[in-house]
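Reading through the C-alpha cells given below for one structure.
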Amino acid sequence: MKMKFLAALFMSAIFFSADAQFRDIPSVVTDSFIVRFPKATHVSWKDKITSFQAEFDQNNEELRVSYSTKGEWLKTERKVAILKLPSSVKDGFNKSKYAAYSISDITETNDHEKGLLYKVVATRKGSITKRVLYFTDRGQLVKDDMNF
C-alpha cells in the first residue's frame with residue numbers, strides 16, 4: 001500500500017511539474033499578438049494559468065510578451081546588453097549605493113501598468129547574494145530586491 005501511494009505521489013509530481021500546454025491559446029490572444037508583433041518568428045506559447053506568454057524573435061531580438069486571458073497586452077520583455085543600456089539608467093546605477101556591484105543581467109520591461117522599467121541584476125564581488133534593481137527610463141531606482 002505504501003509503495004502504491006509513493007508511486008502515485010511521484011507520478012503526480014511529474015505531471016504537475018511538466019511544462020505542458022493543457023489548453024489552447026484563445027484566438028483573441030493570438031490575434032492581439034499578431035497585430036502587435038506582425039513580424040514575429042519562432043513563436044512558442046506557454047499557459048501561465050492567469051495569462052499567456054509568448055517567446056519569439058523579431059528584428060534579430062528575442063522577446064517575451066504576456067497577455068491576459070482576454071487578449072489584453074500586459075508586458076513585453078527583452079534582454080539588453082550593458083553597452084545598449086540608456087545612459088540615464090547607467091548614470092542612475094552609478095549614482096546608487098550599488099555602483100561598486102557588477103551587473104550580470106539586464107532586462108527591459110515595458111509594462112502596461114508600470115511603464116518602461118529596467119531590471120538590473122547586480123552582485124558584489126565575493127558575495128553570493130544578488131541585488132535585483134528596478135530603474136525607470138530616467139534612471140530613478142524604484143525597487144530593490146535581494147535574491148540568493
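The values are calculated or read from the model by the stated rules, or taken from the named source; none is laboratory data. Fair warning: this is a prediction, and the values are worked out from it, not measured in the lab. Note that we place each Cβ from the backbone using ideal geometry, even for glycine, and neighbour counts take in every protein chain shown. We work out accessible area using only protein heavy atoms, side chains counted, and drop any ligands, DNA or RNA first. Shrake-Rupley method; radii C 1.70, N 1.55, O 1.52, S 1.80 Å.
Under unit Cβ charges (Lys, Arg +1; Asp, Glu -1), what dipole magnitude, rounded to 20 debye, does the range 91-148 have relative to its Cα centre?
Rounded to the nearest 20 debye, it is 360 debye.
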Residue-wise HN-Hα coupling along the range 38-54, computed from phi with Karplus coefficients 6.51, -1.76, 1.60 (Hz; x: Gly, Pro) | x, 9, 5, 10, 6, 7, 10, 10, 10, 8, 9, 6, 9, 7, 10, 10, 10
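To two decimal places, what compactness ratio does the range 53-137 give when its Cα radius of gyration is scaled by 2.2 N^0.38 Å? Mind showing how you got there, number by number?
Numbers: Rg = 14.4 Å, N = 85, 2.2 N^0.38 = 11.9 Å.
Dividing the Cα Rg of the range 53-137 by 2.2 N^0.38 Å gives 1.21.
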Which whole-number value in Å² is the accessible area per residue of the range 31-83, probe 1.4 Å?
-> 65
Computed accessible area, THR109, all protein chains, 1.4 angstrom probe, square angstrom | 20
